[in-house]
Amino acid sequence: MTLHEEDVHDDDVKGHAPWLVTWADMMAVLLTFFIVLQAFSTVSERKFQEAMSSIQRAFDIRLPIRPPDVVRVFTPDRSAIDLETRITEAHLDGVSVQDWGDRIVLTVDTRFLFDRGQADLTESGRAMLDGLAAALADSEGLIRIEGHTCDLPVAPQSRWRSNWWLSTARALTVLESLEGRGLSGNRLSATGYGEHVPIAPNDGEVNRARNRRVEFVIEKPRPRAD
């Protein structure tokens, strides 16, 4: 290699050095950013704020960084699976089980429990609650019984003044039935939501039937705080 060639090579390296430094800085920032993103699903808000403060001091920046809304991805735990198994083995039709992480929700179509516009259990409703009481007896946590209706108003001759009254009466009827079947009243509560918490648009009889339901919300025992 001649002296002239060495001079050209040195100039070429020197000309690219600023670009390499900028690229390296950008890679370091991106690496830090993705590490923080990966940790969002497990870090507590306090630890998140501590980490952000540390990063801000290191890079000498001030950003309005806030923790994002928590999105949890989980698989149903053993209690939800066991409960669904007991319901399946009891051949209880019209009951669905959903695990929402901090609670388990059993949803029952009201036609399996009550006649249209009524709050007295049918014979099939009493049989269903026999099976549900046995399934719930082995569960843990408080049970909130929620009554829901569709948006159709109660009939003029109904004993109930509104859907509020009807949904609440149904929830109370189910509560008393479960208590009479051995569940502790200390675990039970009841509330009615009328037509105000639909799970489907009230645009036809199929969806209205979905909205007419009783839900059993089982609060999972919370772990002790650190």
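The values are calculated or read from the model by the stated rules, or taken from the named source; none is laboratory data. Remember, predicted model here, so these are calculated numbers, not experimental data. No Cβ is skipped: glycine too gets one built from the backbone with ideal geometry, and neighbour counts run over all protein chains shown.
Table: residues versus (1) among the charged types (D, E, K, R); (2) in contact with a helix residue (DSSP H, G or I) (Cβ under 7 Å, 6 or more places away or on another chain); (3) surrounded by fewer than 17 Cβ atoms within 10 Å (Cβ to Cβ).
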{"position": "ALA135", "(1), (2), (3)": "no, yes, no"}
{"position": "CYS150", "(1), (2), (3)": "no, yes, no"}
{"position": "SER167", "(1), (2), (3)": "no, no, no"}
{"position": "ALA190", "(1), (2), (3)": "no, yes, no"}
{"position": "GLU219", "(1), (2), (3)": "yes, no, yes"}
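Mind checking which residues of region 192-215 are crowded, with 18+ Cβ neighbours inside 10 Å and either of a type in the set (Val, Ile, Thr) or outside the structural domain of GLU146 (by TED's automatic domain parsing) (or both)?
Result: VAL214, single match.
Only one of LEU183, LEU166 is closer than 30 Å to SER79 by Cα, among the aliphatic types (A, V, I, L, M) and assigned by TED's automatic domain parsing to the domain that holds VAL108. Can you tell me which?
Result of the check over LEU183, LEU166: LEU183.
Just to be sure, is VAL97 at pLDDT below 80 and among the hydrophobic types (A, V, I, L, M, F, W, C)?
No: the conditions fail for VAL97.
For region 77-120, enumerate the residues that are part of a loop (DSSP other than H, G, I, E, B), hydrophobic (A, V, I, L, M, F, W, C) and over 19 Å from the mean Cα position of the chain (by Cα).
Of everything in region 77-120, those that are part of a loop (DSSP other than H, G, I, E, B), hydrophobic (A, V, I, L, M, F, W, C) and over 19 Å from the mean Cα position of the chain (by Cα) turn out to be ALA90, LEU92, LEU113, ALA119.
For residues that are in a helix (DSSP H, G or I) and either more than 23 Å from the chain's Cα centre (by Cα) or on the phi > 0 side of the Ramachandran plot (or both), tally how many sit in region 188-207.
2
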